[in-house]
Amino acid sequence: MTRPLLVAIALAIGPTLAAAQSTVYESKDKAGPVFSDRPSTGAKQIELGPANVIQTTPVPQQATPTATAPYYTALAISSPENEGTIHSNTGAFDVSVQLQPALQSARGDRIIVRLDGRPLKRRFSSVRFGVTEADWQNSANPDNVEHTLQAVVVDKGGAVLIESAPVKFYAHRAVRARGR
């Protein structure tokens, strides 16, 4: 056996032995050489050179990117306009929002709409959608003329990602006069 091989074996059987410059003994049995830190009958002492130690510098761990939703930078209601008026006998009207960057509906992001401060039951996966007559049932007072509308983008877990400023609008409905 060559000396480098013996050093490699000594390092394999006990890195602390080589590092501490301990004595290593070699003896033979049926399977071949046996290395130990204890002398035995017929064992020969092996002189090891200085330990072959490599100093390493720890590699700083890079921060694991989180799987957070995209960062939305802007959300605004473009229709109905702030201080605008809608004319609808049933109360149904269309809503459009502007969102930057685009809504990530494939990731589960949705738009929630608050009508007069109360969220509609439905969540929307598009920046264009309609408010229906049934949606007004959640409104504090659907017969009022003045109302507010706000859009909120949430992730699939319901966490708020961005909110628009509330928009005030006026809803004019034709109503039948009582007593006529």
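Among residues belonging to the stretch 148-180 that are polar (S, T, N, Q) and touching a Lys or Arg at 6+ places or on another chain (Cβ under 9 Å), point out the one that is modelled with the lowest pLDDT. Don't jump to the end; show me each part of the working.
Initially, the stretch 148-180 is screened for residues polar (S, T, N, Q), giving 148, 150, 164.
With the extra rule that they be touching a Lys or Arg at 6+ places or on another chain (Cβ under 9 Å), the set shrinks to 148, 150.
Numbers: THR148: 92, GLN150: 95.
Once the filter is applied, the top-ranked residue is THR148.
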Residue among ASP109, ASP94 that is out of contact with any Pro (no Cβ under 7 Å at 6 or more places or on another chain), of a type outside the set (A, V, I, L, M, F, W, C) and surrounded by 13 or more Cβ atoms within 10 Å (Cβ to Cβ): ASP109
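For the stretch 58-72, check the following and say yes or no: at least one residue is modelled with pLDDT of 80 or more and among the hydrophobic types (A, V, I, L, M, F, W, C).
no
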It is to be established whether one or more residues within the stretch 78-91 are within 30 Å of the chain's Cα centre (by Cα) and either assigned to a loop (DSSP other than H, G, I, E, B) or surrounded by 17 or more Cβ atoms within 10 Å (Cβ to Cβ) (or both). no
Taking the criterion of being at pLDDT below 95, buried (at least 18 other Cβ atoms within 10 Å of the Cβ) and of a type in the set (A, V, I, L, M), would at least one residue in the stretch 136-147 satisfy it? no
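The values are calculated or read from the model by the stated rules, or taken from the named source; none is laboratory data. What you see is a predicted model; the values in this text were computed from it and never measured. Don't worry about glycine lacking a Cβ; one is built from the backbone with ideal geometry, like all the others, and counts go over all protein chains shown.
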